[in-house]
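What follows is a single structure, written as structure tokens, with notes after it.
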Amino acid sequence: MSVGTPAATASFSIQAADLARVTAAMFAAAGVAPDVADVVAEDLVAADVEGVPSHGVMLVPMYLDRLAQHSVSTSAVGKVVSERDGAVVLDARNALGQPIARQALQLAVDKARQFGVAVVTVKNAFHFGTAGRYARLMADLGCVGIVMSNTRPLMPAPGGAEALVGNNPVAIAVPTQGPFQAETDLALSATAMGKVRLAAAAGRSIPEGWAADSDGAPTTDPQAAIKGMLLPAAGPKGFGLAFMVDMLCGGLSGGAVGAEVKPLYGNSQVSYGCSQLFLAINVGHFPDGGEFGDRVATQIARVSESRRAPGTARVYAPGELAFATRESSGGACRLSAETVRSLIDAGRKLGILLDDNLAMQKG
């Protein structure tokens, strides 16, 4: 197979360490400081290792395009614009989302250690990958971690034909005595737009119930869905929660809400400008905090060992499937041919030549 022309139907197994190295090299070539490039690459590749390609390196070309158009800055540090006890507002100033998320979660944890509970809201923010990764990092530091973000409007109210709120992900992770942190990470739409884009790139239809076209009619055509709207998970429940996340993220930070958040895949010269919230609860501030991790582990085991329905091989507790996927990956992730091709093309624009296995070649 010639360099830069992966077969359309192929998929590729790439070692995560190699993929992170190549991804970091591309960000560094785009002007991002090497240590920051490493953070961005690590967080994106982690999503692919966990089997969430919609939040993995498929995003790299879009990130790089926005860096080139200066709607995303190469900075790694946001500015604290308000700090009142456990309430902090951080202005990301359109910096890359992954280092800002690391800054915000550490601020939240540090404040929670002092006050018991802390909230860091972020305005003028950019896409940060999976919310669950940052909730889990807070759990690693001994806090319940809750992470939210708003997005540009993607979903109508039930029965509506106008996108009013984003699919606004929410993630919660709790410290757990065991091999993984109990965690849930969900967008409030029936699916993520990244999965719709993956289906469109592969020429596949999407399941019923995922999306509607621009007139509000249900569709299984991913192209019509991209031009149209995602549907809320569980109808009015998903819509109501997404509306509240929008208010908490943008309302408390003084940042963008609703249509003030711009399309991620829209005009790359216009800043995305989403808003985010990082909430840390220090379990050590509670009388039974010392037993919390053990109690969570007991409930994890209760779920994992529960009686299975016919035809079900395994029941997973929250956070267990991501852990199992990481453990079984062998340190590798599978990338679609479309993603590999997009990375090869992105690298070429930066003077980095990659073969079909994303190994760097001498130019």
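The values are calculated or read from the model by the stated rules, or taken from the named source; none is laboratory data. From a predicted model like this one, the values you see are computed outputs, not experimental measurements. Heads up, the Cβs are rebuilt from the backbone with ideal geometry, glycines too, and the neighbour counts pull from every protein chain shown.
Looking only at region 173-204, count how many residues are surrounded by fewer than 22 Cβ atoms within 10 Å (Cβ to Cβ), without any contact (Cβ under 8 Å) to a residue 60 or more places away in the chain and under 23 Å from residue 248 (Cβ atoms).
3
Would you check if there is a residue in region 47-63 being in a loop (DSSP other than H, G, I, E, B), touching a strand residue (DSSP E or B) at 6+ places or on another chain (Cβ under 7 Å) and farther than 23 Å from residue 345 by Cβ?
No, that holds for no residue.
Out of all the residues in region 252-283, which are part of a strand (DSSP E or B) and under 20 Å from the mean Cα position of the chain (by Cα)?
Correct list: 274, 275, 276, 277, 278, 279, 280.
Taking region 214-247 only, how many residues are assigned to a loop (DSSP other than H, G, I, E, B) and either more than 13 Å from residue 191 (Cβ to Cβ) or among the small types (Gly, Ala, Ser) (or both)? I'd like the intermediate steps shown before the answer.
Going through region 214-247, the residues assigned to a loop (DSSP other than H, G, I, E, B) turn out to be 214-217, 220-221, 228, 231, 233-235.
Subset that is either more than 13 Å from residue 191 (Cβ to Cβ) or among the small types (Gly, Ala, Ser) (or both): 214-217, 221, 228, 233-235.
The qualifying residues number 9.
Considering every residue within region 100-118, establish whether at least one is touching a Ser or Thr at 6+ places or on another chain (Cβ under 8 Å), crowded, with 22+ Cβ neighbours inside 10 Å, on the phi < 0 side of the Ramachandran plot and not hydroxyl-bearing (Ser, Thr, Tyr).
Within region 100-118, none of the residues are touching a Ser or Thr at 6+ places or on another chain (Cβ under 8 Å), crowded, with 22+ Cβ neighbours inside 10 Å, on the phi < 0 side of the Ramachandran plot and not hydroxyl-bearing (Ser, Thr, Tyr).
Kindly check whether there is at least one residue in region 126-141 that is closer than 24 Å to residue 248 by Cβ, acidic (Asp, Glu) and outside any helix (DSSP H, G or I).
No, because not a single residue in region 126-141 is closer than 24 Å to residue 248 by Cβ, acidic (Asp, Glu) and outside any helix (DSSP H, G or I).
Would you tally the residues in region 255-274 being at pLDDT 95 or above and aromatic (Phe, Trp, Tyr)?
1
Could you list, in sequence order, the residues of region 109-156 that are over 20 Å from residue 296 (Cβ atoms) and among the small types (Gly, Ala, Ser)?
Those that are over 20 Å from residue 296 (Cβ atoms) and among the small types (Gly, Ala, Ser): 118, 125, 129, 149.
Every residue in region 205-242 that is aromatic (Phe, Trp, Tyr) and surrounded by fewer than 21 Cβ atoms within 10 Å (Cβ to Cβ), please.
none
Among the residues in region 348-363, are any touching a residue at least 24 places away in the same chain (Cβ under 8 Å), touching a helix residue (DSSP H, G or I) at 6+ places or on another chain (Cβ under 9 Å), surrounded by 19 or more Cβ atoms within 10 Å (Cβ to Cβ) and assigned to a helix (DSSP H, G or I)?
No - not one qualifying residue is present in region 348-363.
Here are some residues: 261, 283, 296. Which one is touching a Cys at 6+ places or on another chain (Cβ under 8 Å), surrounded by 15 or more Cβ atoms within 10 Å (Cβ to Cβ), farther than 24 Å from residue 81 by Cα and among the aliphatic types (A, V, I, L, M)? Explain how you work it out, then say what you get.
Numbers: 261 fails: farther than 24 Å from residue 81 by Cα; 296 fails: touching a Cys at 6+ places or on another chain (Cβ under 8 Å).
The match here is 283.
Can you pull out the residues in region 154-172 that are buried (at least 23 other Cβ atoms within 10 Å of the Cβ), outside any strand (DSSP E or B) and out of contact with any Lys or Arg (no Cβ under 7 Å at 6 or more places or on another chain)?
Across region 154-172, the qualifying residues are 154, 167, 168, 169.
Return the total of residues in region 61-74 being touching a residue at least 24 places away in the same chain (Cβ under 8 Å) and either surrounded by fewer than 22 Cβ atoms within 10 Å (Cβ to Cβ) or farther than 24 Å from residue 197 by Cα (or both).
Within region 61-74, residues that are touching a residue at least 24 places away in the same chain (Cβ under 8 Å) and either surrounded by fewer than 22 Cβ atoms within 10 Å (Cβ to Cβ) or farther than 24 Å from residue 197 by Cα (or both) number 9.
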